[in-house]
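The values are calculated or read from the model by the stated rules, or taken from the named source; none is laboratory data. The structure presented is a predicted model; accordingly, all values stated were derived computationally and were not measured. In this analysis, Cβ positions are derived from the backbone assuming ideal geometry, glycine residues included, and neighbour counts consider all displayed protein chains. Heavy atoms of the whole protein, side chains included, go into the accessibility calculation; ligands, DNA and RNA do not. Shrake-Rupley method; radii C 1.70, N 1.55, O 1.52, S 1.80 Å.
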There are 2 protein chains.
Amino acid sequence: MALKARALYEFNSENTGEISLKEHEIVSLYSEQDIEGWLEGSNSKGERGLFPASYVEILNNDTASTFNNNSTSEDTYRGSRYANIPTGGFGDASNKTLNQIENLSKTSIISSGFTASSPLAPAQQQQHGYQASQGSDEDWDEDWDDTSTVADEPVVVGGSHQGDFDGNGSSTYSVSTSSMSRSGNAQQAKSSATVSRNLNRFSTFVKSGGEAFVLGEAAGFVKDGDKICVVTGQYGPEWQENPYPFSCTIDDPTKQTKFKGMKSYIAYKLTPTHTQTQVNRRYKHFDWLYARLVEKFPVISVPHIPEKQATGRFEEDFISKRRKGLIWWMNHMTSHPVLSRCDVFQHFLSCNSMDQKSWKQGKRKAEKDEMVGANFFLTISTPSGPPLDLVEVESKIDGFKAFTKKMDDSVVQVNTTTNEFARKQITGFKKEYQKVGQAFNALGQAFEQDQQAYSVGLNQAIAYTGEAYDAIGDYFAEQPRHDVDPLMDLLQLYQGHLANYPDIIHVQKGALNKVKESQKHVEEGKMDARQADGVNERCNIISFATLAEMQHFHQVRVRDFKAQMQQYLTEQIGFFQKITGKLEEALQKYDNA
Amino acid sequence: MALKARALYEFNSENTGEISLKEHEIVSLYSEQDIEGWLEGSNSKGERGLFPASYVEILNNDTASTFNNNSTSEDTYRGSRYANIPTGGFGDASNKTLNQIENLSKTSIISSGFTASSPLAPAQQQQHGYQASQGSDEDWDEDWDDTSTVADEPVVVGGSHQGDFDGNGSSTYSVSTSSMSRSGNAQQAKSSATVSRNLNRFSTFVKSGGEAFVLGEAAGFVKDGDKICVVTGQYGPEWQENPYPFSCTIDDPTKQTKFKGMKSYIAYKLTPTHTQTQVNRRYKHFDWLYARLVEKFPVISVPHIPEKQATGRFEEDFISKRRKGLIWWMNHMTSHPVLSRCDVFQHFLSCNSMDQKSWKQGKRKAEKDEMVGANFFLTISTPSGPPLDLVEVESKIDGFKAFTKKMDDSVVQVNTTTNEFARKQITGFKKEYQKVGQAFNALGQAFEQDQQAYSVGLNQAIAYTGEAYDAIGDYFAEQPRHDVDPLMDLLQLYQGHLANYPDIIHVQKGALNKVKESQKHVEEGKMDARQADGVNERCNIISFATLAEMQHFHQVRVRDFKAQMQQYLTEQIGFFQKITGKLEEALQKYDNA
């Protein structure tokens, strides 16, 4: 217990297991080995628990180790962020409660830390973070094609299933937690943002690499092609538009087999408009890509891919639903100026599926990308001119935070309501209209007992009316597939985005705090002004990026919701017109009755 | 107990309190006084109970007394028939069970018998039968205008309220039982026909005067103007059409007062097309007229007037509902070739409401009409040519019986279903659409937090969409008034008709049985052929009348249901078009969003 550390910043514990630290406080460490960015120790009050490794300076060691931890923390942060967002999934609901999710997340953080019980080099840690998704080039086929078993798309049942996925002894944390996160549903969404905020409140800024960048610790060579420009647009900072915009269709997937039919999997046919060349991609490819993107972009909301599912993967309904989810996902990917242009996405879209060699090359390159996390900020170029006003930035961020909170609530409300509305149409509404149809049918049958010439026409007309109401009952039951379902798909995509934003906001907030702290330090003579200017400048870059991402969110949101509401209303109008048409047919039968 | 009677016909008891008799069986009587056409006594097996007075010949007295009972039985029959039909009413449901109704009916029969404990002359009995409705000329105003109290429209709460209505000591049986019958609703309708059939199975033929007529005991002078012609039409016997067809509008009633506002009542404004003169009639006038018609026409289904109601008589909803019921009633009255032309109805339609003297004259004349019940059949003139084939008539009657049974069932089903459908629209459907509206509203409000120029249009459009769904919820709640209510009004009118038919069918069946019996009696040498021919001829008249009435029912039914279904569908189409229009308005808001 001779291991000591000094708190560099104040840290207020927010969760069980964490302990609070005052600035300059000396803490005893149980190990200098951080657990996913957290250290365990006891503070001066004798409280024992976890605190962010980046908030302390280890005294019995060289301080570089702290920065070492910082620079690799984006992996574990990503794993954690992903794990704590149960809203990103599309589709079926699970029954997990908030508490279960919280416990799972905590457990995952700690146990995966224990698995990696010796200090890991950055590259190793990176591999650890997405071991299961990434695999190695050698077991690519082995791992990824063994799809006729449940192992392809594991579903978390309890909290201790690690190692179920692959037999090579490496941790499957990220995959298991990602499937965990995707099991979320609308009901959980309500509180998901809070979970995310709570668990990551202090670690996000650290783990995202935001802190390391602001403190000037990120370093790397930025090639021209990697440059990401923020420009000043009509409404403020925005991402520079993709000069070569494209979209990408996802056609009906086909079931494919290999090893003489022993193994089967679903391949989606992707055709990007800028290459006009179809490539086949499997769900695990999407999953791998998603992991790469989350790792790379700290202040960009990467759309969540549709949730995993263990059973019924080859069932038509599920495939169709997943395809719709992937189309939404693809739409958000291609319309994002930064995501759409990044190398790993382009590799995913354009590499010939048959060319194993170039696929592996691209895959390896993406996994070795150094411009991730803290280094991502190095690639951002901001508009020339004065830096952003910090007060204004903070006000915009606070406004956006309030906006996303309120939008999250109303999205949950719309989701719950339309879901219930759909259920009522499929059950109650259908039943009521068909009962009316049956009653008219019964009346028609009673009337048919009178077969006098002048009765026949009426009998037939009433029988037709009965059938019409029966059909209308079916219309009601079928309708939600055409209007409610697409709306809910969109809402779920946005629930994923909304769950991403608390972390993005915290990165920004962390940067702003660092500026304030550095100003204070300068006043106190603890920091020279040049150093503080650097903090300022780097915070300014994060501010530009965050504001650009917010602007992008609003623009896409307005586009998406306008289109979706139009589609919804158009479908509803068509639905009521179809009913009207059926009733008009029935009415006409009485003309000659 | 020395009083004895001999059974003229076999009688099979069908209800508790009745006893079976074999032909020629000698029964002991407890009294020679019949109770609404029933005698009490014990049969040769020692069973004690009721049997039809007309089925026996009293031995210790002159046989004329039996015929006396017969000739006056139409009054009591009418009272009983009316009492046993709880389906004739329009409007509000009561909670009376079938058993309660049965018990009330039984009680009424017996207790009104005890009230009239001495033998009554025919004229007296007739007055007794509709005492309360008829009143006397002297207390016309007194009785009929005292409408500011509940007494105007009594409602039966228990089974022993007789004498509540008027204080002059006369029995109010018919009024109390008619209000009882009008408290029926759709739920009771299901079994009402059965009740009616059971209670009246053997008494109907006797009480209606059908038997007396067939046996040649009816006698009266038929003026030319009283003649009712049955002709042979395209589909068989039918009533000769009214050469001067007319209709009659019923305008919105007004609340009128007299005695300086101390008394108030509702007056309906009737304008028959053939007189073009408006007359004011009150509900009790309709009630009085209805009683006259029921008394007069044994094999014609007199449409039931809307039910009485004790409270809320001046409330707009009730008045409007009653008016609609009266319009339906009037429609059926004016379209019936016989009912529309009869004196009492013409008097009701055309007598100046202000001319008290001529009203009283017409009223007295109607109440003294001798061409009622058995004598009604005397007024019927049948087409020349051979008599109807008895087997064919019986087959048609059986077919009609099956038809009305099946129609009754399906009318109950349509009534129950559409009633429930209306309830669902007013509650559940409305709620679901308005919840969708609220959810969209909430989304719009969340979006309004973003006031960038490109968001405003969408925010407004979503807000409008929320309002549109709120309005659609209201449309659903309002709609049943426009389509379900009129349909239910029609169904209730037909439930009244369907409840009338079992009795009408029994009169016909009784006549056919009498023909069979007389043939047997001729074969056994108990009756001479000429007498049997007379029975045949008179049965033929009843057959013509019954078939004409059946034909009329079918024609009016086809006309009514065709029109009603057209109206229903037209309203439904308009409803869905209104929804479509609202949604189209909402959709347009997105054009500039």
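Taking the conditions (1) closer than 30 Å to B:Val222 by Cα; (2) surrounded by 15 or more Cβ atoms within 10 Å (Cβ to Cβ) in turn, B:Thr273 satisfies each one other than (2).
Residues in the stretch B:406-432 that are at the interface with chain A (Cβ under 9 Å from one of its Cβ atoms) and open to solvent by 20 Å² or more (accessible area, probe 1.4 Å): B:Lys406, B:Asp409, B:Gln413, B:Thr416, B:Glu420, B:Lys424, B:Gly428. The numbered conditions (1) in a helix (DSSP H, G or I); (2) open to solvent by 20 Å² or more (accessible area, probe 1.4 Å); (3) within 12 Å of another protein chain (Cβ to nearest Cβ) are all true for B:Glu467 except (3). Of all the criteria given as (1) under 30 Å from B:Cys229 (Cβ atoms); (2) more than 8 Å from every other protein chain (Cβ to nearest Cβ), the one not satisfied by B:His554 is (2). Residues in the stretch B:375-386 that are assigned to a loop (DSSP other than H, G, I, E, B) and in contact (Cβ under 8 Å) with a residue 12 or more places away in the chain: B:Thr382, B:Pro383, B:Gly385.
Listed conditions (1) free of Cβ contacts under 8 Å to residues at least 60 places away in the same chain; (2) within 14 Å of another protein chain (Cβ to nearest Cβ); (3) assigned to a helix (DSSP H, G or I) are all met by A:Arg530, apart from (2). B:Gln519 - would you say it is more than 10 Å from chain A (Cβ to nearest Cβ) and open to solvent by 10 Å² or more (accessible area, probe 1.4 Å)? Considered against the rule, which asks whether it is more than 10 Å from chain A (Cβ to nearest Cβ) and open to solvent by 10 Å² or more (accessible area, probe 1.4 Å), B:Gln519 comes out as yes. Taking the conditions (1) of a type in the set (Gly, Ala, Ser); (2) buried (at least 18 other Cβ atoms within 10 Å of the Cβ); (3) under 28 Å from the mean Cα position of the chain (by Cα) in turn, A:Ala402 satisfies each one other than (2). Within 14 Å of chain A (Cβ to nearest Cβ), among the small types (Gly, Ala, Ser) and in contact (Cβ under 8 Å) with a residue 24 or more places away in the chain, is that true of B:Ala511? For B:Ala511, the condition - within 14 Å of chain A (Cβ to nearest Cβ), among the small types (Gly, Ala, Ser) and in contact (Cβ under 8 Å) with a residue 24 or more places away in the chain - is not met.
Entry remark, the stretch B:387-405: residues being within 14 Å of chain A (Cβ to nearest Cβ) and either in contact (Cβ under 8 Å) with a residue 12 or more places away in the chain or closer than 23 Å to A:Ala442 by Cβ (or both) number 10 in total.
Selection of the stretch B:4-22 for residues being touching a helix residue (DSSP H, G or I) at 6+ places or on another chain (Cβ under 9 Å), at negative phi and of a type outside the set (S, T, N, Q) yields B:Ala5, B:Ala7, B:Leu8, B:Tyr9, B:Glu10, B:Phe11, B:Glu14, B:Leu21. One residue alone among A:Arg78, A:Arg48 is modelled with pLDDT under 60, touching a Ser or Thr at 6+ places or on another chain (Cβ under 9 Å) and not hydroxyl-bearing (Ser, Thr, Tyr), and that residue is A:Arg78.
Here A:Tyr475 meets the list (1) at pLDDT below 95; (2) farther than 30 Å from A:Phe297 by Cβ almost entirely, failing just condition (1).
Entry remark, the stretch A:546-570: residues being in contact with a Pro (Cβ under 8 Å, 6 or more places away or on another chain) and of a type outside the set (A, V, I, L, M, F, W, C) number 5 in total.
In this structure, B:Gln492 does not qualify as over 30 Å from B:Gln567 (Cβ atoms) and either more than 10 Å from chain A (Cβ to nearest Cβ) or open to solvent by 20 Å² or more (accessible area, probe 1.4 Å) (or both).
Might you check whether a residue that is open to solvent by 30 Å² or more (accessible area, probe 1.4 Å), touching a helix residue (DSSP H, G or I) at 6+ places or on another chain (Cβ under 9 Å) and modelled with pLDDT of 50 or more occurs anywhere in the stretch A:192-205?
no
Considering only residues in the stretch A:19-45 that are at pLDDT below 80 and of a type in the set (A, V, I, L, M, F, W, C), the one that is farthest from A:Leu8 (Cα to Cα) turns out to be A:Ile35.
Per the conditions (1) crowded, with 22+ Cβ neighbours inside 10 Å; (2) at the interface with chain A (Cβ under 10 Å from one of its Cβ atoms), the sole criterion not satisfied by B:Gly373 is (2). Under the condition of being part of a helix (DSSP H, G or I), open to solvent by 30 Å² or more (accessible area, probe 1.4 Å) and within 30 Å of B:Gln564 (Cα to Cα), the residues counted in the stretch A:543-593 number 8. Scanning the stretch B:344-403 for residues that are under 27 Å from B:Arg292 (Cα atoms), among the small types (Gly, Ala, Ser) and either at pLDDT below 90 or out of contact with any His (no Cβ under 7 Å at 6 or more places or on another chain) (or both) turns up B:Ser350, B:Ser353, B:Ser358, B:Gly373, B:Ala374, B:Ser381.
Please enumerate the residues belonging to the stretch B:20-52 that are under 20 Å from B:Asn513 (Cβ atoms) and without any contact (Cβ under 8 Å) to a residue 60 or more places away in the chain.
Passing the criteria: B:Ser20, B:Leu21, B:Lys22, B:Glu23, B:His24, B:Glu25, B:Phe51.
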